[in-house]
Amino acid sequence: ATSKAYLDLFARAFSKTVQNINTHIQKNPDVEKMGTTCVAALVANRRLYTGYIGDSRMYLIRNGNLKQLTIDHTWVQEAIEHGILTRADAKKHPNAHVVRRHLGAKSDPMPDYRLQINEKESADESQRNQGLPLSPGDTIVLCSDGLPDMVEDADILNAFQSHDQIQEAVDALTLLARKNGGRDNITIIALQVPGQAS
């Protein structure tokens, strides 16, 4: 399959999700403002493809480093990109949880296909990273905002470095996020490429 075919799968899945949300709202008017964020990953032939909406995130852990590959659809992220806020200030800002895109009623379900390796990349350059080759030992982490809101990046990396099994790392991070306040749902999925990092 081509990269476009994989990305079309995300587009269809996100559109179907919005249809399901709208059907649920029609049957349950009391939840008319319900919505969700989503990050999805597809690995084919050891190549990574992603589509996402909102502030759920995807990280890549490679060679002892943790890199956020997705770009939050939030007010503070836009402020960072325009030089209004620093990343440190953004975490404490009153608008830190204002999501600019989501899956819900009257929303645009088209996923974001930017897979950002370098913060200086243009949107087109980031999108061309789709199909990122994965190496033995690489770990992909998908999570809701309930994890990064409560746990620093260094602690996420440390959890995977200090546990032999990725499920143990996921469990440790869930407990840490709860211990640190656990104000939102904490959903974490981790995938590891078989083999040892070279």
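Would you mind getting the accessible area per residue of the chain, heavy atoms of the protein chains only, 1.4 Å probe, in Å²?
Per residue, the chain has an accessible area of 57 Å².
Where is the GNM fluctuation largest for the chain (alpha-carbon springs, 10 angstrom cutoff): Pro133, Pro29, Pro148?
Pro29
List the lysines whose Cα sits under 19 Å from the Cα of Lys120, skipping any in the same chain fewer than 8 residues away.
Lys67
Need one word for segment 43-82: rounded, prolate or oblate. Basis is the Cα gyration tensor (sqrt eigenvalues a ≥ b ≥ c); a/c below 1.5 gives rounded, then a/b vs b/c decides. Working shown, then result.
Values: a/c = 3.32, a/b = 1.66, b/c = 2.00.
The shape class here is oblate.
Could you go through segment 42-51 in sequence order and give the Karplus-derived ³J(HN,Hα) for each residue, using 6.51 cos²θ - 1.76 cosθ + 1.60 with θ = phi - 60°, rounded to whole Hz, and x for Gly and Pro?
The phi angles translate into 9, 10, 9, 6, 6, 10, 9, 10, 8, x Hz.
In terms of Cα to Cα distance under 19 Å, which lysines are near enough to Lys16, apart from those fewer than 8 places away along the same chain?
Straight-distance partners of Lys16: Lys4, Lys27, Lys33, Lys106.
Hey, any idea what the orientation-averaged projected area of the convex hull of the chain's Cα atoms comes to, in nm²?
Numbers: hull surface 48.8 nm².
Projected over every direction and averaged, the Cα hull of the chain covers 12.2 nm².
Given a 10 angstrom Cα cut-off, can you work out which residue in Thr86, Thr17, Thr50 is the most mobile in a GNM of the chain?
Its mean-square fluctuation being the largest, the pick is Thr86.
Assuming R0 = 25 Å, what is the FRET efficiency of Glu32 and Asn95, from their Cβ-Cβ distance, to the nearest 0.05? The partial results should precede the final answer.
Working: r = 23 Å, r/R0 = 0.93.
So, using R0 = 25 Å, E works out to roughly 0.60.
Among Asn63, Asn185, Asn45, which one shows the biggest mean-square fluctuation in a GNM of the chain, springs joining Cα atoms closer than 10 Å?
With Cα springs under 10 Å in the chain, the top fluctuation among Asn63, Asn185, Asn45 is at Asn45.
Counting only C-alpha contacts under 8 Å and six or more residues apart, can you give the relative contact order of the chain as a whole percent?
Across the chain, relative contact order equals 23 percent.
At a 1.4 Å probe radius, carbon and sulfur cover how many percent of the accessible area of the chain?
The computed percentage sits at 49.
Excluding same-chain residues fewer than 8 positions from Lys179, which lysines have a Cα within less than 22 Å of its Cα?
Within reach: Lys91, Lys92.
Using the crude model of +1 on Lys and Arg Cβ and -1 on Asp and Glu Cβ, and no other charge, please compute the dipole size for the chain relative to its Cα centre, in debye to 20.
Using Cβ point charges on Lys, Arg, Asp and Glu, the chain gives about 420 debye.
Which one, Tyr113, Pro194, Gly182, is farthest towards the positive end of the dipole of segment 54-198 when Lys and Arg carry +1 and Asp and Glu -1 on their Cβ?
Toward the positive end, the furthest listed residue is Gly182.
The values are calculated or read from the model by the stated rules, or taken from the named source; none is laboratory data. Note that this is a predicted model, so its numbers are computed, not measured. Neighbour counts run over all protein chains shown; Cβ positions are idealised from the backbone, glycine included. Accessible surface areas use protein heavy atoms only, side chains included; no ligands, DNA or RNA. Shrake-Rupley method; radii C 1.70, N 1.55, O 1.52, S 1.80 Å.
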